[in-house]
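Here is the structure we will look at, set down as structure tokens.
The values are calculated or read from the model by the stated rules, or taken from the named source; none is laboratory data. Because the structure is predicted, anything quoted here is derived from the model rather than measured. FYI the Cβ positions are ideal-geometry reconstructions off the backbone, even for glycines, and counts take in every protein chain you see. Accessible surface areas use protein heavy atoms only, side chains included; no ligands, DNA or RNA. Shrake-Rupley method; radii C 1.70, N 1.55, O 1.52, S 1.80 Å.
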Amino acid sequence: MGIFSRLLERDAENLSINKIKGFEREIIASKESSKLSIEYSELMGYHYLRFYLISPIDINTFKGCRIGFKNQEQEIIVDSDSSEIITFFSNKLNLGLSEFEVEIEDSICTMIKEKKIDQIVVFYKNDILELEVIEKEYLRSIMFD
């Protein structure tokens with residue numbers, strides 16, 4: 001490996017560490033060392049959630065992912081808006097920060113409003129990450145307060 005490759009690798013590692021350590025968002029769902037935060041936006045009547053996932057999983061993909069909103073009665077699954085998902089992964093921390101966005105339908109909005117989401121499931125590559133929703137009230141408040 002040449003000197004330029006090592007410098008680029010070091011810079012990418014430092015960028016990833018800074019993004020992960022500088023992450024200061026409310027965590028709404030978690031499982032072991034994986035933590036999920038979201039940001040809500042609305043554009044011309046369409047509802048979007050941007051997901052921020054800190055996890056030991058390096059999702060980097062050009063095939064997108066799917067997100068499931070789940071409770072005891074139902075599970076609604078939607079595709080990510082973008083097919084490219086970049087993970088800022090740190091080998092030193094063994095953690096990465098992945099960001100992706102989904103358009104959510106009215107039935108998911110209703111589940112959030114009624115605080116009826118128990119799990120958020122991320123389907124990526126050939127794997128699944130199930131996260132327990134720990135902040136139902138905060139999740140509701142970012143959309144409806």
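The residue that is farthest from Glu73 (Cα to Cα), counting only those in the stretch 89-145 that are of a type in the set (A, V, I, L, M, F, W, C) and open to solvent by 50 Å² or more (accessible area, probe 1.4 Å), is Leu93. Scanning the stretch 66-117 for residues that are more than 22 Å from Glu137 (Cα to Cα), in contact (Cβ under 8 Å) with a residue 60 or more places away in the chain and not basic (Lys, Arg) yields a total of 8. Going by the structure shown, is Glu42 under 23 Å from Arg140 (Cβ atoms) and either open to solvent by 10 Å² or more (accessible area, probe 1.4 Å) or in contact (Cβ under 8 Å) with a residue 24 or more places away in the chain (or both)? Yes. Restrict the check to the stretch 59-76 and report whether at least one residue is within 30 Å of Glu9 (Cβ to Cβ), surrounded by 15 or more Cβ atoms within 10 Å (Cβ to Cβ) and of a type in the set (Phe, Trp, Tyr). No.
Within the option set Ile76, Ile86, Ile67, Ile38, being modelled with pLDDT under 95 and touching an Asp or Glu at 6+ places or on another chain (Cβ under 9 Å) holds for one residue only, Ile86.
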